[in-house]
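*Asks:* Just dropping this structure here.
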Amino acid sequence: MKVLFKNIKELLQIRDENTRFVSGKAMNELPTIKDAFLLIKNDVIYDFGPMKVCPDEAVDHVIDATGKMVLPTWCDSHTHLVYAGQREGEFVDKIKGLSYQDIANKGGGILNSAKKVQNISESELYKQTKGRLDEIIALGTGAVEIKSGYGLTLEAELKMLSVIKRLKENHQIPIKATFLGAHAVPEEYKNNKAGYVDHIIKEMIPLVAEAKLADFVDVFCEKGYFTVEDTNRILEAGKLHGLQAKIHVNQFNSIGGVQAGVKQKALSVDHLEVMKYEDIVVLEKSKTMPVALPGCSFFLSIPFAPGRKMIDAGLPLALATDYNPGSSPSGNMNFAVSAACIKMKLTPEEAINAATINGAYAMGLEHKVGSITKGKQANLILTKAISSYHFIPYSFGNHQIERVYLNGVEVV
Ligand SMILES: [Zn+2]
């Protein structure tokens, strides 16, 4: 099967196969070819270049992209796509001024989501999650990480991870699974958090790893949730069982979570709304990707991660949606890109790098997706006719996507 895109107004994010991520000043460079062609052969990007050297060979399908752009699909490296029901009632309660405690008393928060996941059948949970996966693919996402963490019992966590496994089997989109048993302390361990941490380490992680249900392990390292010491213990247990770390840190407080992540060679540290100088410094010599979640900052009205400061310090940065029912009920990467420009002062080039190649790295998928590179999966966005790629973040709350391709096949 050969598909040829021709007359592409601008082909974005061209990289050689050695580029694993971009950082610092290099984030402001977005390599492109104007008036380009791109040839897909057997699911992968086979060739591309300026139209004047467009191959003159027989193909199965030609797409005339006059006036339109082609770029790699978005790589969303942090989501909680598996959940049951919605929490818009809580959203309205918050607007009306109810406190977090009032909402929790009315049955809100993570523990409320956990009860719903515990009580739903796996097939119904799969159905709801598949709907959200289809929705984000239509918004241009072509690789995604999905976490457990709304189960909080062994059985319910395995149910969530089984749903992710079935999504992996039934969809073209690359999916990475993360075990987040340490998302919150469940009700039955309310006065025995150490017991829950032991349960995670001794029972949950070994079973999850043995069943090959997760690629990564995650912890919500935050005051009132899991301490740095809990985090280190859980990540070490994960490492022993072959699960690399990706962790929630510095959402509300800087308590040493970034340092723990770097020490444990985490693939990414995510959230970072509150960053001290030493949190930035410790990341400088690491291979750990900082990940900002602007949708969560927007929805909760909390500070945005200081992305400008981090990039100016020479760090890389990735963007993800944090799609979840409580703090970011949107999986729209187009919005994440806009918000990064508008609220975090990233340039469009930086935001697009953060949402593609750096997002791919934050999932360990940089060899497969995230750039226009020969041999990578042909997961592509074809835009509408637009004046420049700056229009993508500029048209916030909207998107400029005409078609989405996964493995070279039009899916939207
Ligand atoms: Zn999250």
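The values are calculated or read from the model by the stated rules, or taken from the named source; none is laboratory data. Everything quoted here is computed from the prediction, not taken from an experiment. Here the Cβ is made from the backbone with ideal geometry for all residues, glycine too, and neighbour counts use every protein chain on show.
Results for (1) over 14 Å from GLN13 (Cα atoms); (2) part of a loop (DSSP other than H, G, I, E, B); (3) among the small types (Gly, Ala, Ser), shown as yes or no for each residue.
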| position | (1), (2), (3) |
| --- | --- |
| LYS384 | yes, no, no |
| TYR389 | no, yes, no |
| PRO393 | yes, no, no |
| GLY397 | yes, yes, yes |
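*Asks:* A further question follows. Quick check on ASP47: is it under 24 Å from HIS367 (Cβ atoms) and among the acidic types (Asp, Glu)?
*Replies:* It is true that ASP47 is under 24 Å from HIS367 (Cβ atoms) and among the acidic types (Asp, Glu).
*Asks:* From the residues in segment 284-297 that are more than 16 Å from the ligand (Cβ to nearest atom) and surrounded by fewer than 24 Cβ atoms within 10 Å (Cβ to Cβ), which one is nearest to the chain's Cα centre (by Cα)?
*Replies:* Top of the filtered list is LYS287.
*Asks:* Then there's this: Considering every residue within segment 332-340, establish whether at least one is within 20 Å of THR141 (Cα to Cα) and assigned to a strand (DSSP E or B). Outline the logic, then answer.
*Replies:* Step one: of segment 332-340, the residues within 20 Å of THR141 (Cα to Cα) are 332-340.
Next, from what is left, pick out any that are assigned to a strand (DSSP E or B): none.
Looking for residues that are within 20 Å of THR141 (Cα to Cα) and assigned to a strand (DSSP E or B), one finds none in segment 332-340, hence no.
*Asks:* Same structure, new question: Please work out which residue is nearest to the ligand (Cβ to nearest atom), limiting yourself to segment 71-92 and to residues that are of a type in the set (Val, Ile, Thr) and within 18 Å of GLY359 (Cα to Cα).
*Replies:* Step by step, filter segment 71-92, then rank; the result is THR79.
*Asks:* Separate question: For segment 273-291, how many residues meet the condition of being in contact with a Ser or Thr (Cβ under 7 Å, 6 or more places away or on another chain), aliphatic (A, V, I, L, M) and over 14 Å from GLN251 (Cα atoms)?
*Replies:* Count: 1.
*Asks:* To continue, here is another question. Please enumerate the residues belonging to segment 49-71 that are without any contact (Cβ under 8 Å) to a residue 60 or more places away in the chain, among the hydrophobic types (A, V, I, L, M, F, W, C) and more than 15 Å from ASP35 (Cβ to Cβ).
*Replies:* Result: ALA58, VAL59, VAL62.
*Asks:* Further, regarding this structure: So is ILE137 closer than 21 Å to VAL412 by Cβ, of a type outside the set (Asp, Glu) and either in contact (Cβ under 8 Å) with a residue 24 or more places away in the chain or crowded, with 24+ Cβ neighbours inside 10 Å (or both) or not?
*Replies:* Working: closer than 21 Å to VAL412 by Cβ: yes; of a type outside the set (Asp, Glu): yes; either in contact (Cβ under 8 Å) with a residue 24 or more places away in the chain or crowded, with 24+ Cβ neighbours inside 10 Å (or both): yes.
The answer is yes for ILE137.
*Asks:* Further question on the same structure: Where in segment 1-78 are there strands (runs of 3 or more DSSP E), lying wholly inside it, with at least 2 residues that are among the charged types (D, E, K, R) and at pLDDT 95 or above?
*Replies:* Fully inside segment 1-78 and qualifying: 2-12, 32-41.
*Asks:* Only one of these conditions is not met by TYR100: (1) away from the ligand (no atom under 16 Å from the Cβ); (2) aromatic (Phe, Trp, Tyr); (3) surrounded by 14 or more Cβ atoms within 10 Å (Cβ to Cβ). Which number is it?
*Replies:* So TYR100 meets the others, but not (3).
*Asks:* I've got another one for you. In segment 301-330, what residues are within 12 Å of the ligand (Cβ to nearest atom), touching a Ser or Thr at 6+ places or on another chain (Cβ under 8 Å) and of a type outside the set (D, E, K, R)?
*Replies:* ALA320, THR321, TYR323, ASN324, PRO325, GLY326, SER328
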